[in-house]
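Visitor: Pasting a structure here, questions to come.
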Amino acid sequence: MGAANMDDENIMIVGGIFEDANGDAPLSLISNSYKLNVRHMKWTKVAKMKNKRTLNSTLYFFDSQLYVVGSSNDGACEKYDPEVNKWISIPSYDEILAQNDLQSFSV
């Protein structure tokens with residue numbers, strides 16, 4: 001799961017790993033996203049990401065959009081627009097991984 005401060009009132013958490021209550025099913029990645037309003041201490045489920053992500057997503061809030069990088073199986077990146085409650089795919093970082101400039105921690 002990744003987390004980021006969006007503004008003075010809201011924190012977003014995204015992705016993670018789910019295990020059923022009985023532990024019978026294998027662990028699965030999730031694409032859920034939630035916003036916590038810290039002023040009212042209320043969680044709100046928002047649009048799901050386009051890609052499932054593990055525990056180590058990196059999130060950046062920039063220019064009123066939340067960017068998510070890493071922790072997907074395919075290097076997919078995306079951004080969240082809170083004004084329209086929608087995730088949008090952005091260019092992957094896969095092409096630069098081949099240059100050995102970065103290491104991926106995606107599962």
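Visitor: Evaluate the distance, in nm, between pseudo-label points positioned 7 Å from the Cα of I17 and of Y34 along their respective Cα→Cβ axes.
Guide: 1.8 nm
Visitor: On average, how much accessible surface per residue is there in segment 1-72, in Å², for a 1.4 Å probe, leaving out ligands, DNA and RNA?
Guide: 61 Å²
Visitor: Right, something else. Which lysines have a Cα lying under 16 Å from the Cα of K79, excluding residues fewer than 8 positions away in the same chain?
Guide: Here the lysines satisfying the reach criterion relative to K79 are K35, K48, K50, K52.
Visitor: What does the charge add up to near L29, with Lys and Arg as +1, Asp and Glu as -1, over the other residues with Cβ less than 10 Å from its Cβ?
Guide: Values: positive: K52, R53; negative: none.
Surrounding charge for L29 is +2.
Visitor: Carbon-plus-sulfur fraction of the accessible area of segment 1-69, 1.4 Å probe, in percent?
Guide: Working: 2250 of 4370 Å².
It is 52 percent, rounded to a whole number.
The values are calculated or read from the model by the stated rules, or taken from the named source; none is laboratory data. The structure displayed is predicted, hence computed values, not measured ones. Reconstructed Cβ throughout: ideal geometry from the backbone, glycine too, with neighbour counts over all protein chains shown. To get the accessible areas, we keep the full protein, side chains included, count just its heavy atoms, and leave off ligands, DNA and RNA. Shrake-Rupley method; radii C 1.70, N 1.55, O 1.52, S 1.80 Å.
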